[in-house]
Amino acid sequence: MTDVERRSDRSPVPAGWTYAPAPESTEIVSLRERYGLFVGGEWVAPRSGEFFETISPRDEAPLAQVAQAGEQDVAAATEAARDAFATWSKLPGPERAKYLFRIARILAERSREFAVLESLNGGKPIKESRDVDLPLAAAHFFYYAGWADKLEYAFPNRSPRPLGVAGQIIPWNFPLLMLSWKIAPALAAGNTVVLKPAETTPLTALLFCDVLRQAELPPGVVNIVTGDGRAGAALVESDVAKIAFTGSTEVGKAIQRRLAGTGKKLTLELGGKAANIVFDDAAVDQAVEGIVNGIYFNQGHVCCAGSRLFVQESIYEPVVDKLKRRMATLRVGDPLDKNTDVGAINSRMQLDKIEELVAAGRAEGAEIYQPPCRLPEKGYWFAPTVFTNVAQSYRIAQEEIFGPVLSVLTFRTPDEAVEKANNTPYGLSAGIWTEKGSRILWMAERLRAGVVWANTFNRFDPASPFGGYKESGFGREGGLHGLEPYLAFDD
Ligand code: NDP
């Protein structure tokens, strides 16, 4: 392609040159060899006596030993949280806010350290942990600090009061951010917390305990118990007033069955299979950026990832063409390199799952495209992938892959787009690309998704509620809506 042609066709052109390495130093992070559980403001050895190794998915190098909490450990943590509740829940709102503001400020101050550790333990590109996860995590604490002394105004004439101890279980795709989504509103509302991070990504939650000490948060207000699914199950069984869970639909359903009839409150943020819908009047170059951001951000380990692309038939070819060329510019590799766009897959298990579903897509007859890219030898990697020629019944169009894999389908009319987009058991998010405001509103009314983005994708703000319909769960996190599940009311 000549330069003149390049200028007239403004879609990105694969670079004919490579980037020099730009590694972020890991020196800022100092890890202990072994971590206990954080209970009552102290590090304690697990009564179970068990530890497990946490590694970096970029090279499978061991990072630290982490405690496996047993039932007794979880019981001790909930007891510490209950003791702390007696005083924490009575603190005036402005006092609680003071601690939350402190935590927010410390997170902002130590953001580089946290970002490096997040990328090291989870595999996401440093530019994402640095520019998205950390700023948003701090913003959630700032935002909910602002509500701590205004609960009466937020819920007028309803006498809001805290529930007690909240048990919180989080996944591995946004470890510190999910912790912030859960802990900030719980504390603002006057609850105390026992939180279990995911087995593969416990380290930023453990570093966060340092922040709690630095902020002089009273002991027991936040307790962190690490471990695998058994620790999560023990937390569900323990004496807590509420469970807040983010993770797979399968485990979410099991928790819901377990809690039925117990009187414990429950919120579930589960999987998704979002439709990203591009109409023929959309700004195509912008839409292509949105498609790429929608599915390749965080290696597609995103519950609201735009994993099903619906393109209006008349623009199918140019959109797919531009998309493939844009994909060829994505840099896949070391998460700690500042130029990396797509990092490591979080775990061997997740890589196996992605590979299995991609094999199913090929076997069912879809056409696969992966840009040429050299994947590192060690660690867990998967090239950005797009499937065309996909039927709605294919597993890759129905099941959550949770990896950098996009399925492209087509539609002719807005009605057909709505029908196809809603043809999923999930209902977490959706995207619409069109220049017509009226069409955006028409579509948004009909799409059964908790969040609908228009001419953008994957936008988050602490003031904006997030959550699902159908098998994507119930309850909202973020905004005023996110406070409500942590409060009891007179009415
Ligand atoms: P899980 O639902 O298994 O994990 C989420 C959290 O729940 C983790 O902390 C996990 O612990 C814990 N947990 C596991 N089993 C139980 C249990 N029986 N009772 C209570 N807590 C439990 O998700 P996975 O990490 O295994 O991922 C599997 C799939 O889930 C992914 O491929 C993806 O499709 C989906 N997913 C969706 C997410 C979302 O944000 N909607 C986030 C993560 C995954 P541990 O880590 O130790 O297993």
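A compact table of results
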| quantity | calculated |
| --- | --- |
| Amide proton proximity set for Gln168, modelled H, under 5 Å, gap of 5+ | Val194, Leu195, Lys196, Ala244 |
| For the chain, size of Cβ-based charge dipole, Lys and Arg +1, Asp and Glu -1, in debye | 620 debye |
| Loop GluC sites (Glu not before Pro), the range 169-258 (other Cβ atoms within 10 Å of the site Cβ: 15 or fewer; DSSP) | Glu216 |
| Cα shape, the range 329-478, gyration tensor, a/c 1.5 rule | prolate |
| Between helix 111-122 and the chain: long-axis angle, C-alpha atoms, 0 to 90°, nearest 10 | 70 degrees |
| Helix-derived mean residue ellipticity, 222 nm - over the chain, DSSP H n ≥ 4, -39500 (n - 2.57), to 500 | -11500 deg cm²/dmol |
| For the range 161-166, Karplus couplings with θ = phi - 60° (6.51, -1.76, 1.60), whole Hz, Gly/Pro x | 9, x, 8, x, 8, 9 |
| Long pairs among Lys98/Lys264; Lys182/Lys265; Lys182/Lys264, criterion Cα-Cα beyond 19 Å | Lys98/Lys264 |
| Probe 1.4 Å - accessible area at Cys303, Å² to nearest ten | 20 Å² |
| Environment charge of Gly229, counting only residues whose C-beta is closer than 12 Å and scoring Lys/Arg +1, Asp/Glu -1 | -1 |
| Gain on full stretching of the segment that runs from Gln398 to Asp59 - 0.36 nm per residue minus C-alpha separation | 118.9 nm |
| Residue pairs, from the table Lys253/Lys420; Lys150/Lys253; Lys124/Lys242; Lys324/Lys470; Lys242/Lys420; Lys124/Lys353, whose Cα atoms sit over 28 Å apart | Lys150/Lys253; Lys124/Lys242; Lys324/Lys470; Lys242/Lys420 |
| Given charges at Cβ of Lys, Arg, Asp, Glu: the chain dipole, positive-most of Ala115, Gly343, Leu330 | Ala115 |
| Farthest positive-ward along the range 363-491 dipole, Cα basis, beta-carbon charges - from Tyr469, Ala430, Gly450 | Ala430 |
| Accessible area (Å², 1.4 Å probe, nearest 10) - Glu79 | 100 Å² |
| Semi-axes of the equivalent ellipsoid for the range 249-347, Cα gyration tensor, largest first, Å | 34, 21, 9 |
| Residues Asp461 and Lys324, FRET efficiency given R0 of 35 Å [Cβ-Cβ distance, rounded to 0.05] | 0.65 |
| Most to least accessible of Met349, Met178 (protein chains only, probe 1.4 Å) | Met349, Met178 |
| Once the Cα gyration tensor of the range 258-414 is diagonalised, semi-axes √(5λ) in Å | 26, 22, 16 |
| For the chain, Kirkwood radius (reciprocal of mean inverse C-alpha pair distance, Å) | 23.2 Å |
| Förster radius 51 Å - calculated FRET efficiency between Met349 and Asp83, Cβ distance, rounded to 0.05 | 0.85 |
| Folded to 0 to 90 degrees: helix 175-188 orientation relative to the chain principal axis, Cα | 50 degrees |
| Percent accessible area from carbon and sulfur atoms, the chain, protein chains only, probe 1.4 Å | 50 percent |
| Residues listed by number, the range 463-491, amide nitrogen under 11 Å from Tyr153 label point at 7 Å toward C-beta | none |
| Cα-based shape type of the range 308-359, given that a ≥ b ≥ c are square roots of the gyration tensor eigenvalues and the cut on a/c is 1.5 | oblate |
| Anisotropy class of the range 159-237 from Cα gyration tensor, a/c 1.5 cut | oblate |
| Calculated P(r) of the range 341-388 - Cα pairs past 17 Å, % | 38 percent |
| Area of Arg105 that stays accessible when all protein chains are in place (1.4 Å probe, Å², to 10) | 120 Å² |
| Alpha-carbon centroids, the range 381-409 and the range 99-129: separation in whole Å | 31 Å |
| Nearest-ten-degree value, helix 134-147 long axis tilted from longest Cα axis of the chain | 50 degrees |
| Computed over the range 106-161, Kirkwood Rh from alpha-carbon pairs, angstrom | 12.9 Å |
| Residues of the chain: accessible area per residue with a 1.4 Å probe, Å² | 40 Å² |
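The values are calculated or read from the model by the stated rules, or taken from the named source; none is laboratory data. If you're wondering where the values come from, they're calculated on a predicted model, not measured in any experiment. Please note: Cβ atoms are built from the backbone with ideal geometry, for glycine as well, and neighbour counts cover all protein chains shown. What goes into the accessible areas is simple: the full protein's heavy atoms, side chains included, and nothing from ligands, DNA or RNA. Shrake-Rupley method; radii C 1.70, N 1.55, O 1.52, S 1.80 Å.
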